[in-house]
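Here the structure is laid out as structure tokens; the discussion comes afterwards.
The values are calculated or read from the model by the stated rules, or taken from the named source; none is laboratory data. Fair warning: this is a prediction, and the values are worked out from it, not measured in the lab. Neighbour counts run over all protein chains shown; Cβ positions are idealised from the backbone, glycine included.
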Amino acid sequence: MSLLLWQGGKGCNFYKLVEHYQGIEINMGNRKTKTERGWALQGENSDIILEMKNITKVFPGVVANDRVNLEVRRGEIHGLLGENGAGKTTLMSILYGLYRPDEGEIIFDGEKRVFSSPKDAIESGIGMVHQHFMLVNKMSALNNILLGYKTPGDPLLDYEWAREKIRSIIEVYGIDAELDERVINMSVGEEQRVEILKSLFRDVKLLILDEPTSVLTPIESERLFQALKRMSEKGLTVLFITHKLREALEVTDRITVLRKGRNVGTLITKRTDEKELARLMVGREIDMKIEKKRVEAGKDVLKLENVYARNDRGLMALKGISLSVREGEILGIAGVSGNGQKELEEVIIGLRPVEKGKILFNGEDITFSSVRKRTRLGISCIPENRIETGLAPSLTIEENLILRDYESFSRNGFMEFDMIEAHAEKLVEEYGIKTPSTKAPARTLSGGNIQRLIIARELSRNPLFLIASQPTRGLDIAGIDYVRRKLISLAEEGKAILLISEDLEEIVQISDRIAVIFEGEIRGIFDRENVDIDRIGLLMSGGADN
């Protein structure tokens, strides 16, 4: 177990701890520990590239950062860990010049800095890849990388020089991208690589990644981690914002934990574990193990018979899908992103037409039924695309929470605003949605809190059938635990649940049966008792099941 001491008094005789605890961090003036080599006294010319001192940022009704101190060493991968709303993104937005702190100071690369804009931060050597990418969809990757950059021969763009520089970056870090491809035709993983190349192209010294794996497949995440380790080896500093304990432990050198806007400690990664990090994040012990009772499945609630459907490009994305989801059952869909999961979700809820085949709900043919009818029959959906499909960003939190059942909150054609407000406040409390007001626009919420809002709306409807597509993506550890237990509870009540997730551990942990999808086809279905992870992984990648 790691020992954390901070804000200690002058009388602390911390040197006596050396014999018993190594790899511990104690911040007291210029005194710093060096991992596994006892204590060292570091003066002004230390290896610290970034110091954020007593950073405070207050929004109306919310203290986002409360006297936060952060030290980052040159060339390390430093994790910034915390629940949704803990202040991680706000702190990094201050560093990147998007916000001005109300109090505190920033020392970067040995100089006190005031960043009034991202341009100031970039010119000083700081780059940031946001959780929601800042790319121009209709432009090529190359032109996105060059936006706002002056190449030799300015005002003309020297594309040949730029391509050569990008090629050298790709060779060093292994982050590749099709430079002439338009962003609109790229996968999410490819878009992220363009964003990273955009920062590296500007010769940044410190790269901030905000929840970089929230939109990546496991394979893409592993490739990213390998690239980050190469960056660290080359002397680039990385600030890695995440709420995922396992990936923080896998890729970082040190981890700073924020809780409710405060720094509750900095730990050396190899001297801590998931249990300790979880306790620091939420302020209490979290039981990571979930025991799922075996429930006898009832009749078929949803049934797909030989369903075909096309994707947005007109290509066949679902090729003869046949499956059923029964009462009291969680059917997990395992697969790498882009193999038909999105189209499967959309044909079931009625957003995408069926080319061929049939969809039955409690025995009724709903193949050509409207979204509204399916909703009234008892179908709910936590969509994969929470921004475009899951909510109306310009509407208030209250309004978003009643979108599915707004008729229930009206009388004689007039909305019952008191009832709506009470309903929203109840769900905000129950699902832990962090917001200063239920009347705030939904777009003001963080990604994780948007996910909580959608989950609150869909589960509060008490549906007969629920599609949960990436339901824990973007949630912190407490949120993930809550949602998984909630899904299990719904199944135990007799509800039918289709769980679509790229988190294979999640699929295995809470599903009763697992269907593997690859290139729009179901390649195999496994009962809970007969799960073979190796076979599932093989089928997910297109291998033959011998």
Requested in this report: Would you confirm whether any residue within the stretch 174-185 is without any contact (Cβ under 8 Å) to a residue 12 or more places away in the chain, assigned by TED's automatic domain parsing to the domain that holds ALA86, out of contact with any Cys (no Cβ under 6 Å at 6 or more places or on another chain) and loosely packed, with under 15 Cβ neighbours inside 10 Å?
Outcome: yes
**Report entry** Enumerated strands (runs of 3 or more DSSP E) restricted to the stretch 464-526, each holding at least 1 residues that are out of contact with any strand residue (DSSP E or B) (no Cβ under 6 Å at 6 or more places or on another chain), buried (at least 22 other Cβ atoms within 10 Å of the Cβ) and among the small types (Gly, Ala, Ser)
**Finding:** 496-501
Query raised in the report: In the list LEU403, LEU391, which residue meets the criterion of being under 25 Å from GLY448 (Cβ atoms) and surrounded by 17 or more Cβ atoms within 10 Å (Cβ to Cβ)?
Result: LEU391
Query - Matching entry among ILE290, ILE321 (being among the hydrophobic types (A, V, I, L, M, F, W, C), touching a residue at least 24 places away in the same chain (Cβ under 8 Å), assigned to a loop (DSSP other than H, G, I, E, B) and touching a helix residue (DSSP H, G or I) at 6+ places or on another chain (Cβ under 8 Å)) - result: ILE290
Requested in this report: Taking the residues in the stretch 118-144 that are touching a residue at least 12 places away in the same chain (Cβ under 8 Å), assigned to a helix (DSSP H, G or I) and not hydrophobic (A, V, I, L, M, F, W, C) as candidates, determine which candidate is farthest from THR90 (Cα to Cα).
Outcome: ASN144
Query raised in the report: If we keep just the residues of the stretch 145-203 that are polar (S, T, N, Q), assigned to a helix (DSSP H, G or I) and within 20 Å of HIS132 (Cα to Cα), which is nearest to the chain's Cα centre (by Cα)?
Result: GLN192
**Report entry** Single residue of the stretch 139-158 satisfying the filter (at pLDDT below 90 and of a type in the set (Ser, Thr, Tyr)) that is surrounded by the fewest Cβ atoms within 10 Å (Cβ to Cβ)
**Finding:** TYR149
Query raised in the report: Going by the structure shown, is VAL136 surrounded by fewer than 13 Cβ atoms within 10 Å (Cβ to Cβ) and under 25 Å from THR213 (Cβ atoms)?
Result: yes
Query raised in the report: Does THR375 meet the test of being surrounded by 15 or more Cβ atoms within 10 Å (Cβ to Cβ) and not in a helix (DSSP H, G or I)?
Result: no
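In contact with a helix residue (DSSP H, G or I) (Cβ under 8 Å, 6 or more places away or on another chain) and among the basic types (Lys, Arg): which single residue out of ARG113, ARG167 fits that description?
Exactly one of ARG113, ARG167 is in contact with a helix residue (DSSP H, G or I) (Cβ under 8 Å, 6 or more places away or on another chain) and among the basic types (Lys, Arg), namely ARG113.
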Report summary line: Quick count over the stretch 63-115, residues being of a type in the set (A, V, I, L, M), in a loop (DSSP other than H, G, I, E, B) and surrounded by fewer than 17 Cβ atoms within 10 Å (Cβ to Cβ), is 2
Query raised in the report: Of all the residues that make up the stretch 381-419, how many are of a type outside the set (D, E, K, R), outside any loop (DSSP other than H, G, I, E, B) and closer than 25 Å to HIS132 by Cβ?
Result: 6
Query - Single residue of ARG452, ARG457 found to be out of contact with any Gly (no Cβ under 8 Å at 6 or more places or on another chain) and either assigned by TED's automatic domain parsing to the domain that holds ARG484 or not in a loop (DSSP other than H, G, I, E, B) (or both) - result: ARG457
Report summary line: A careful count of residues in the stretch 185-214 that are farther than 21 Å from SER168 by Cα, at pLDDT 85 or above and of a type outside the set (Asp, Glu) gives 3
Report task. Answer yes or no: is there a residue in the stretch 502-524 that is touching a residue at least 40 places away in the same chain (Cβ under 8 Å), closer than 26 Å to GLU211 by Cβ and aromatic (Phe, Trp, Tyr). Result -> no
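Here is a yes/no grid of residues against (1) aromatic (Phe, Trp, Tyr); (2) touching a residue at least 24 places away in the same chain (Cβ under 8 Å); (3) out of contact with any Cys (no Cβ under 9 Å at 6 or more places or on another chain):
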residue	(1), (2), (3)
ILE359	no, yes, yes
ASN362	no, yes, yes
SER369	no, no, yes
LYS373	no, no, yes
CYS381	no, yes, yes
THR389	no, yes, no
ALA392	no, yes, yes
Report summary line: Counted residues in the stretch 293-309 being touching a helix residue (DSSP H, G or I) at 6+ places or on another chain (Cβ under 9 Å) and at pLDDT 95 or above come to 4
Query raised in the report: Condition test on GLY537, is it in contact with a strand residue (DSSP E or B) (Cβ under 8 Å, 6 or more places away or on another chain) and either surrounded by fewer than 21 Cβ atoms within 10 Å (Cβ to Cβ) or in the same structural domain as ILE488 (by TED's automatic domain parsing) (or both)?
Result: no
**Report entry** Yes/no for TYR431 being outside the structural domain of ILE507 (by TED's automatic domain parsing) and surrounded by 14 or more Cβ atoms within 10 Å (Cβ to Cβ)
**Finding:** yes
Query raised in the report: Can you tell which of ARG279, ARG230 is modelled with pLDDT under 90 and either part of a helix (DSSP H, G or I) or not hydrophobic (A, V, I, L, M, F, W, C) (or both)?
Result: ARG279
